[in-house]
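Worksheet: the structure to be examined is printed underneath.
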């Protein structure tokens with residue numbers, strides 16, 4: 001099972017994400033943002049957290065226009081899987097792969113702590129090893145995680161079961177407590193919390209492990 | 001030539017920074033401030049003959065996120 005993790009200048013969760021995929025049994029290649037092609041035969045692309053391009057202009061805006069992102073967009077249009085975490089989620093919204101946008105946290109503060117995440121949809125390749133309504137503990141670390149969509153789009157996302165996770169206690173002002181959304185074909189997940197930081201006993205929690213195992217199981221049986 | 005691009009959060013999109021500035025002005029005694037919206041100004045140095053359409057294209061593709069932001073272009 002092949003994964004590519006994209007590295008932008010300013011990415012700082014790329015290696016953590018790679019380790020989480022590796023520990024689930026995947027074969028990981030790191031891809032530089034200036035590359036124009038993703039490796040052949042990929043199963044999934046990881047878009048990591050960090051501060052790509054120093055968060056200049058808007059978080060993720062410059063990364064979304066880097067050469068590798070054309071290839072990422074083509075990969076998702078072909079029905080490929082992708083996981084964007086934190087800055088990776090911001091990049092996925094900036095490319096238009098996922099709907100909405102991430103604004104400055106309502107309380108204006110950078111928040112770094114473990115939060116409770118409620119699983120809203122367990123029928124995706126990312127969440128099949130969780131149960132609907134289950135609350136898992138996953139760290140957040142962001143300044144701009146306040147998810148916004150229009151009321152109309154929100155109704156659509158809710159109707160289509162595209163909200164993967166919500167915050168148990170909304171830390172950042174996100175519309176409808178949304179912490180993670182999924183694409184219409186259920187193959188692209190973007191989320192502000194960091195499952196790769198809850199993937200080892202040493203992290204103080206392992207609730208993120210099931211996401212990576214779930215992906216391996218789903219992709220193996222696909 | 002130059003262009004100036006004004007990027008603002010759309011009406012209806014909460015602007016927590018603007019709200020913080022409003023509170024700060026209120027606590028300085030400026031009681032007449034009823035609302036504050038904070039945006040960005042981006043100045044572009046452009047080759048002569050660059051059209052407004054080109055600058056608009058720049059706004060759509062990069063300078064503004066039209067999901068949450070509106071923009072206005074001023075050629076100078």
Checking the structure you have, find out if any residue of segment A:49-69 is under 16 Å from residue A:187 (Cβ atoms) and in contact with a strand residue (DSSP E or B) (Cβ under 9 Å, 6 or more places away or on another chain). no
Failed item in (1) over 25 Å from residue A:110 (Cβ atoms); (2) within 14 Å of the chain's Cα centre (by Cα); (3) outside any helix (DSSP H, G or I); (4) within 12 Å of another protein chain (Cβ to nearest Cβ), with residue B:65 passing the rest: (1)
Within segment A:193-213, does at least one residue satisfy the condition of being closer than 15 Å to residue A:79 by Cβ and touching a strand residue (DSSP E or B) at 6+ places or on another chain (Cβ under 7 Å)? no
Among the residues of segment A:73-82, write down those that are touching a strand residue (DSSP E or B) at 6+ places or on another chain (Cβ under 7 Å) and free of Cβ contacts under 8 Å to residues at least 60 places away in the same chain. A:75
Evaluate segment A:44-53: report whether one residue or more is on the phi > 0 side of the Ramachandran plot, in contact (Cβ under 8 Å) with a residue 40 or more places away in the chain and assigned to a helix (DSSP H, G or I). yes
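Being under 27 Å from residue A:90 (Cβ atoms), away from chain A (no Cβ under 14 Å) and assigned to a strand (DSSP E or B) narrows it down to one residue among B:55, B:41, B:73; which is it?
Working: B:55 fails: assigned to a strand (DSSP E or B); B:41 fails: away from chain A (no Cβ under 14 Å).
Going through B:55, B:41, B:73 in turn, just one is under 27 Å from residue A:90 (Cβ atoms), away from chain A (no Cβ under 14 Å) and assigned to a strand (DSSP E or B): B:73.
Considering only residues that are assigned to a helix (DSSP H, G or I) and within 12 Å of chain B (Cβ to nearest Cβ), look in segment A:58-68 and name the one that is nearest to residue A:94 (Cα to Cα). It would help to see each step written out before you state the result.
Residues of segment A:58-68 that are assigned to a helix (DSSP H, G or I), as a first pass: A:63-65, A:67-68.
Add one more test, that the residue is within 12 Å of chain B (Cβ to nearest Cβ), and what stays is A:63-65.
Working: A:63: 9, A:64: 6, A:65: 9 Å.
Only one residue fits best here, namely A:64.
Any idea which of B:12, B:29 is more than 14 Å from chain A (Cβ to nearest Cβ) and on the phi > 0 side of the Ramachandran plot?
On the way: B:12 fails: more than 14 Å from chain A (Cβ to nearest Cβ).
Only one candidate passes the filter, namely B:29.
Have a look at A:84, A:79, A:100, A:96 and point out the one that is at pLDDT 95 or above and within 14 Å of residue A:7 (Cα to Cα). Show your work before the answer.
On the way: A:79 fails: within 14 Å of residue A:7 (Cα to Cα); A:100 fails: within 14 Å of residue A:7 (Cα to Cα); A:96 fails: within 14 Å of residue A:7 (Cα to Cα).
Exactly one residue qualifies, and that residue is A:84.
Can you find, within segment A:1-24, the residue that is farthest from residue A:196 (Cα to Cα) among those that are at pLDDT 95 or above and in a loop (DSSP other than H, G, I, E, B)? Give the derivation first.
Within segment A:1-24, the first condition is being at pLDDT 95 or above, and the residues that meet it are A:2-24.
From what is left, the residues that are in a loop (DSSP other than H, G, I, E, B) are A:8-10, A:12-13, A:24.
Numbers: A:8: 18, A:9: 20, A:10: 18, A:12: 12, A:13: 8, A:24: 11 Å.
Here the residue is A:9.
The values are calculated or read from the model by the stated rules, or taken from the named source; none is laboratory data. Small disclaimer: the values here were computed from a predicted structure and weren't measured. With ideal geometry, Cβ positions are generated from the backbone for all residues, glycine too; neighbour counts draw on all protein chains shown.
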